1. Distance check, please: which entries in Lys77/Lys247; Lys205/Lys247; Lys54/Lys209; Lys77/Lys179 exceed 27 angstrom between their Cα atoms?
2. Determine the relative contact order of the stretch 225-275: mean sequence separation of Cα pairs under 8 Å and six or more apart, normalised by residue count, in whole percent.
3. Using alpha carbons only, how many angstrom separate the centre of the stretch 199-242 from the centre of the stretch 159-180?
Amino acid sequence: MSPDHPLQTNPRSTPPLPGAFHPVRVVAVTGGKGGVGKTNVSVNLAVSLAEMGKRTLLMDADLGLANVDVLLGLSPKFTLADLIAGRCGLEDVLLEGPEGVLVVPASSGFRHMAELTPAEHVGLVNVFSELQRALDFMVVDTAAGISDSVLTFCQAAQDTVVVVCDEPASITDAYALIKVLARERGLDRVHVIANMVRDPNEGRKLYEKLARVCERFLGDVALHYLGAVPQDDWLRRAVQRQQPVVKAYPGSPSARAITDIARTTARWQPPVGARGNVEFFVERLIQRGVAA
Ligand SMILES: Nc1ncnc2c1ncn2[C@@H]1O[C@H](COP(=O)(O)OP(=O)(O)O)[C@@H](O)[C@H]1O
Ligand SMILES: [Mg+2]
C-alpha cells in the first residue's frame with residue numbers, strides 16, 4: 001500500500017471510539033453455478049434476520065446480473081454503480097425493504113461493473129465508512145462463477161454460505177469454488193445450504209457428497225451443513241409477485257426452511273475483536289482485492 005493510499009488518510013480507518021463501534025457479522029452467499037437460488041436465499045435470509053430483530057443490510061454484489069431489487073419489488077434511483085462513480089452518497093443508495101432490512105442495490109447490464117478496479121474498491125471503502133448505522137448482519141449476494149470479485153467478497157466476509165442443488169453441474173461448480181477459496185484465499189470453513197431438495201434426506205445426502213470430495217481432496221477446509229430448502233412452487237410464486245417468500249407465504253415449506261436457517265444464523269456470535277464493523281469488511285475487501 002502506497003503512503004498516499006486513501007485508506008491511510010481516511011480518518012475513519014482509525015479504530016472507532018468505544019461505544020461508536022458495533023461489530024457486524026458479514027455473510028457472503030455464493031454457489032458457483034447460476035440459478036441455484038443464491039439470490040432467493042440471500043433475500044429471504046436477510047428479511048428473516050430482520051424479522052428476528054437483527055439489524056440487517058443486504059448488499060447486491062452481483063454486479064453483472066443484479067436482481068435483489070427485482071425480487072423485493074424495489075425501484076432504486078441510484079445503485080452501487082453511481083456510488084462507485086461518486087454520483088451519489090451511500091444514504092442515497094440505501095433502500096428500505098421488508099422488516100426494515102436495508103438494501104444496497106447493484107445495477108444490471110453494466111458489463112464494466114462486473115469487475116471493479118482496485119481504485120473502485122477504494123471508492124467503496126470510503127463510501128461505506130460513511131455508514132453510521134449500527135448493524136448486526138450484512139448479507140452479501142454474490143454473482144455466479146469464480147471471478148476475482150466473488151472470491152474477494154467471500155474472503156472479506158466472516159462466513160461464506162455455498163448454495164448447492166442436486167445437479168451434477170452445481171456440485172462440481174460448488175466444489176471448484178470451495179477449492180479456490182481454500183487454496184488461494186485461505187478459507188478454512190464454509191457453510192452449505194442444499195436448495196430445491198425434493199425430500200429432507202436429499203439435502204443431507206447432497207451435503208455429504210460435497211463434504212466427502214472436499215475432505216478427500218482439500219483436507220484443510222471444514223464444511224458445515226446449515227440446512228436444506230425444499231423445491232417449492234410457493235417460492236416461484238413469490239418471485240413472480242416480487243416479494244420474499246418468507247413474507248408472501250410464511251407458512252410455505254421453503255419459507256419455514258429459510259426461517260429455520262435464519263434462526264441458526266441469528267445465534268452466531270458477533271465477531272470478536274475490535275474490527276468487525278462494515279468498514280472493516282470493505283477494507284478487507286480492497287486489501288485482498290488489491291493483493292489478489
Ligand atoms: N427452493 C426453490 N423452490 C423452487 N424454485 C426455486 C427455489 N429456489 C430457487 N428457485 C427458482 O430458481 C430461480 C433462480 O433463483 P435465484 O435465487 O435467482 O438463483 P441465483 O441467484 O443462484 O442465480 C428462481 O427464480 C426460482 O424460480
Ligand atoms: Mg442471483
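No lab work stands behind these numbers, since they all come straight from the coordinates. Quantities reported herein were computed from a predicted structural model and do not represent experimental measurements.
1. The answer is Lys205/Lys247; Lys54/Lys209; Lys77/Lys179.
2. Relative CO of the stretch 225-275 lands at 34 percent.
3. About 9 Å separates the Cα centre of the stretch 199-242 from the one of the stretch 159-180.
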